[in-house]
Amino acid sequence: GFSNSSTDSMLALGQVQDHIPGYRYTGALAWGRPNGTDEVGWTAIDQTNDNIMYAVDRQGVNIYKSTSRGSTFSASGSFSSLGAWNTPVVVSQSNPSFLYIGKSVVFRSTNAAASWAATNSGAVLDGNPGLSMSMSATNPNIVFVGTAPYTARAHIFRTTNGGALWLNVTGSLPDRYPMDIAINPLNDNTVYATFGGFGTGHVFKSLDRGGTWTDISGSLPDAPTPAILVDPLDTNTVYCGNDIGVYISTDGGAGWSGFSEGLPEAVICADLAVTKLSHRLRVATHGN
């Protein structure tokens, strides 16, 4: 849930556990703490107006919104149902009035968080809390969400109609924590998903919106993989981050190479984010 501005390469937003209210980066050496938010959850920045930012608190109980580039935040919705400690939120790139929050029930806003409604007629997806989420860059009605194996096995769900109906597209994917999902920004038929745990594949790819999945872990280490990112300027380039470092593929996941120069010897990569303006990639890590 680490987020970058698309128009200011020096502006980014993230949150960390037990440090309320999270952190905002504005190019200075130190990160600043905005007022009014809570700890832990995902963040999102409006990609058309970086004055507008969002942050979810622990277990997705509340969402906070800033209209001042993160200087201050105010509450902009609260949610019932089971939530993961680090609840996901996404904002549409093509229509930033659309946001989704993934708990055991997925909630949607169509007016920039002024109000929210439960999707799926208010029904849970599988009883598990949402853990990962991604929205099509061109169609705010296409969303994928991964659920944590809490009350049942893990699943990946897809909607193509704004949450009116969610389809289980788990297929042959492993029963592991679905750590991250990335949709190709130029072709939302192509989707990537990464998983935690050991002993099974960690990076999977679909060319048909989750209808079928292929394990593309290849030479990657057998390690939990919290992050996946498709380069918005060259969608054949894919980055993934695991509990060892960052890796790059220049052929859509067919092969992988290390991409960790300058990082510690081994580092947990919690998330990856890129800004189009300067083509700058950032990795949010545990400990550094």
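Around F198, under 15 Å between beta carbons, what's the net of Lys plus Arg minus Asp minus Glu among the other residues?
Working: positive: R176; negative: D175, D215, D222, D243.
Computed value for this residue: -3.
If Lys and Arg each add +1 and Asp and Glu each add -1, what is the summed charge of the other residues whose beta carbon sits under 11 Å from the beta carbon of N51?
Working: positive: K65, R69; negative: D8, D46, D50.
Every neighbour counted, the sum reads -1.
Just one of (i) 207; (ii) 113; (iii) 162 is volume of the Cα convex hull per residue in Å³ calculated from these coordinates, so which is it?
Among (i) 207; (ii) 113; (iii) 162, the one calculated here is (ii).
For K276, list the aspartates and glutamates whose Cα falls under 12 Å from its own Cα; do not include residues on the same chain fewer than 8 positions away.
Candidates past the 8-residue exclusion: D8, D231, D234.
With just the Cα atoms defining each centre, how far is region 267-286 from region 111-163? Give it in Å.
Computed from Cα coordinates, the inter-centre distance equals 24 Å.
Sort region 164-288 into rounded, prolate or oblate with this rule: let a ≥ b ≥ c be the square roots of the eigenvalues of the Cα gyration tensor; rounded if a/c is under 1.5, and if a/c is not under 1.5, prolate when a/b is larger than b/c, oblate otherwise. Write down the numbers at each step before the final one.
Numbers: a/c = 1.73, a/b = 1.25, b/c = 1.38.
The shape class here is oblate.
Identify all lysines with a Cα-Cα distance to K103 below 22 Å; exclude those on the same chain that are fewer than 8 residues away in sequence.
K65
Taking only protein heavy atoms into account and a 1.4 Å probe, give the accessible area per residue of region 130-252 in Å².
Details: 4370 Å² over 123 residues.
Per-residue accessible area for region 130-252 comes out at 36 Å².
How far apart, in nm, are two points set 7 Å out from the Cα along the Cα-to-Cβ line at D234 and at N187?
Calculated label separation equals 1.7 nm.
Subtract the Cα-Cα distance of T250 and L165 from 0.36 nm times their separation in residues, and report this length gain in nm to one decimal.
Values: separation 85, 0.36 × 85 = 30.60 nm, distance 3.46 nm.
Full extension of this stretch gives 27.1 nm more.
Please report, in cubic angstrom per residue, the volume enclosed by the convex hull of the alpha-carbon atoms of region 80-143.
Details: hull volume 5.0 nm³, N = 64.
It is 78 Å³ per residue.
Please arrange H202, H286, H279 by accessible surface area, largest first, computed with a 1.4 Å probe and ligands excluded. Working shown, then result.
Working: H202 5, H286 140, H279 90 Å².
Largest accessible area first, the list is H286, H279, H202.
What net charge do the residues around F144 carry, taking every other residue with its C-beta under 10 Å from that of F144, with Lys and Arg at +1 and Asp and Glu at -1? Could you put the intermediate results ahead of the total?
Working: positive: R158, R209; negative: D188.
Neighbourhood net charge equals +1.
Could you work out what % of the accessible surface of region 160-288 is carbon and sulfur, using a 1.4 angstrom probe and leaving DNA, RNA and ligands out of the count?
On the way: 2980 of 5770 Å².
The computed percentage sits at 52.
The values are calculated or read from the model by the stated rules, or taken from the named source; none is laboratory data. All of these numbers come straight from a predicted model, not from anything done at the bench. In this analysis, Cβ positions are derived from the backbone assuming ideal geometry, glycine residues included, and neighbour counts consider all displayed protein chains. Just the protein is used for accessible areas: all its heavy atoms, side chains included, with ligands, DNA and RNA removed. Shrake-Rupley method; radii C 1.70, N 1.55, O 1.52, S 1.80 Å.
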